[in-house]
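The values are calculated or read from the model by the stated rules, or taken from the named source; none is laboratory data. These numbers come from a predicted model, not from an experiment. Cβ: placed from backbone, ideal geometry, glycine included. Neighbour counts: every protein chain shown.
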Amino acid sequence: MNLINSKIILKNRPDPSVTEDLFDLKTEELKELKDDELLVDVKYVSIDPAMRGWISDIGNYSKPVDIDETMRSLGVGKIISSKNEDFKENEYVVGWLGWQKYAVVNKSLIQIKVNPNEVPLSTNLGALGLNGITAFAGLVDICKPKKKETVVVTTAAGSVGSAVGQIAKIYGCNTIGFTSSDEKAEICKKDFGYDEVINYKKADNLSSCLKQIAPNGIDCFFDNVGGDQFDAVIDNLNINARVVICGTIGMPSYPIPNGPRINRTLLVKRAKIEGLLVLDYFDRYKEIYDQLAQWFKDGKLKNKEDISHGLSKAPSSLVKILNGLNLGKQLIKL
Ligand SMILES: NC(=O)c1ccc[n+]([C@@H]2O[C@H](COP(=O)([O-])OP(=O)(O)OC[C@H]3O[C@@H](n4cnc5c(N)ncnc54)[C@H](OP(=O)(O)O)[C@@H]3O)[C@@H](O)[C@H]2O)c1
C-alpha cells in the first residue's frame, strides 16, 4: 500500500526494572487491508503504569506482550481506509492501536468512535478514556459514595486519581489525596478540588497525619499504590468503609512484600474491599464515556495532560511515569 509504518516493539523483558532499552523502534511497509480491517492514522498513544505488567512474562489478567511484538497501548486516531462497513474514512476512533504510526486493526480492537469537534482528541485517552472509566467504575460502582462521606485517593494528582477526586466532589464528598510533591499537592487542590492533600514523602507518620485530618475516619478508599499508603488508610477506616484496590504501583512486582494482617480491622469496621479491573467495564464503555463527557463539557471534570512528542519518546515516558515524574495523563503525540 506504499505506506511505511514506524512502530515500537518489545525487545527484552524487565529484569526487574523497566528501562528504555527494553524497546526498539522499527519501520516496515504496510500490507494491503484484509476484509473487515481498518487502517488508522494514529494521533496520540497512551502510556500507562499497567504496561509494567504487560511486558513482564508473568501473565496476569492479560496475555504478556510477546518479544518483537508491537507494544500494546490504547490510542486515538483517524481512519484513513476501511474494509469494515461499520467504520468510514475520516472517522476518529479510540482503541488498542499500539505504539505505532499506522494501525491495521479489526473491529474488536476499537472501543468507541469520537468526535474531535466535541472534545479534544487527546482527552479521550485521559479523563474520558481508560483512566476516567476506571475512576468511575471504582468510585461510583464499587464505593458508592454518599454526600459528606470522606474519600481518600492515592496517586491523587495522576490521571485516574485526579478523576476519582473530581467525581467524589460531584457526589458531594470530602476528598483527601496522597501525592509525592508539594507541586503536585498544589495541583490537586487548585485543579482537582481536593480538600486536603498529604505529601507522603514528607509526612513522618502517614496514619497519624490522616487521623488528624479526618478524625471521623475514611468512608471510601480508592487505592492505586499499595504498601505504606494503603496500610495508613486501612488504619483509619470508618465503620462500613468501602475500599477499592485499583493499582499497586508503589509495590514491587516481585518479591511481593508482606504487610499487616488486616482481617480484624475489616471485621471490626465491617468494611468491604474489592479489586477492580477496568476491562470488566468495557461493555459499558459508551454509557460511562457519555457521563464523563457531560461532566467534562459542564466544566466539572478537568483533564490534565503531560504530552511528549514523537513515538521514540514512548519508552522514556513509561520510565518517567513509573518514577512518578508525570504531571497529568502521560501521552505521546505522533
Ligand atoms: N485496575 C485497573 O483496571 C486500572 C486501570 C488504570 C489504571 N490503574 C492503576 O491506577 C494507577 C494510576 O494510573 P494512572 O494511569 O492514572 O497513572 P498516573 O497516576 O498518571 O501516574 C502514575 C503515578 O503513580 C505514582 N507512582 C509512581 N511510582 C510510584 C511508587 N514507586 N510509589 C508510589 N507511587 C508511585 C506517581 O504519583 P505520585 O507522584 O503522586 O506518587 C505517578 O505520577 C496505577 O496504579 C495503575 O496501575 C488500574
Answer yes or no: is there a residue in region 205-213 that is over 18 Å from the mean Cα position of the chain (by Cα), outside any helix (DSSP H, G or I) and not aromatic (Phe, Trp, Tyr).
yes
Counting only residues in region 272-292 that are within 15 Å of the chain's Cα centre (by Cα) and either of a type in the set (Asp, Glu) or within 15 Å of residue 110 (Cα to Cα) (or both), the one surrounded by the most Cβ atoms within 10 Å (Cβ to Cβ) is identified as 289
Among the residues of region 309-316, is any surrounded by fewer than 20 Cβ atoms within 10 Å (Cβ to Cβ), on the phi > 0 side of the Ramachandran plot and either of a type in the set (Ser, Thr, Tyr) or more than 14 Å from the ligand (Cβ to nearest atom) (or both)?
yes
In the list 254, 285, which residue meets the criterion of being away from the ligand (no atom under 14 Å from the Cβ), under 26 Å from residue 62 (Cβ atoms), in contact (Cβ under 8 Å) with a residue 60 or more places away in the chain and among the hydroxyl-bearing types (Ser, Thr, Tyr)?
254
Residue check, residue 245 within 16 Å of the ligand (Cβ to nearest atom) and without any contact (Cβ under 8 Å) to a residue 40 or more places away in the chain:
yes
Exactly one of 297, 201, 211, 272 is out of contact with any helix residue (DSSP H, G or I) (no Cβ under 7 Å at 6 or more places or on another chain), in contact (Cβ under 8 Å) with a residue 12 or more places away in the chain and within 22 Å of residue 326 (Cβ to Cβ), and that residue is 201
Surrounded by 18 or more Cβ atoms within 10 Å (Cβ to Cβ), at positive phi and within 14 Å of the ligand (Cβ to nearest atom), is that true of residue 179?
no
Looking at (1) surrounded by fewer than 15 Cβ atoms within 10 Å (Cβ to Cβ); (2) closer than 15 Å to residue 151 by Cβ; (3) not aromatic (Phe, Trp, Tyr), can you tell me which one residue 233 breaks?
(1)
From 122, 162, grab the single residue that is in the same structural domain as residue 93 (by TED's automatic domain parsing) and small (Gly, Ala, Ser).
122
Could we say that residue 72 is over 19 Å from residue 26 (Cα atoms) and within 19 Å of the chain's Cα centre (by Cα) here?
no
Can you tell me which of 211, 147, 201 is closer than 27 Å to residue 284 by Cα and surrounded by fewer than 18 Cβ atoms within 10 Å (Cβ to Cβ)?
147
Evaluate region 262-275: report whether one residue or more is within 16 Å of the ligand (Cβ to nearest atom), modelled with pLDDT of 95 or more, closer than 27 Å to residue 128 by Cα and not aliphatic (A, V, I, L, M).
yes
Subset of region 53-86 (residues that are touching a helix residue (DSSP H, G or I) at 6+ places or on another chain (Cβ under 8 Å), more than 24 Å from residue 20 (Cβ to Cβ) and of a type in the set (S, T, N, Q))
84
Within region 184-198, does at least one residue satisfy the condition of being under 19 Å from residue 244 (Cα atoms), acidic (Asp, Glu), modelled with pLDDT of 95 or more and out of contact with any Asp or Glu (no Cβ under 9 Å at 6 or more places or on another chain)?
no
Would you check which residues across region 209-242 are small (Gly, Ala, Ser) and within 16 Å of the ligand (Cβ to nearest atom) and list them?
226, 227, 232
Any residue in region 296-307 that is of a type in the set (Gly, Ala, Ser) and within 14 Å of the ligand (Cβ to nearest atom)?
no
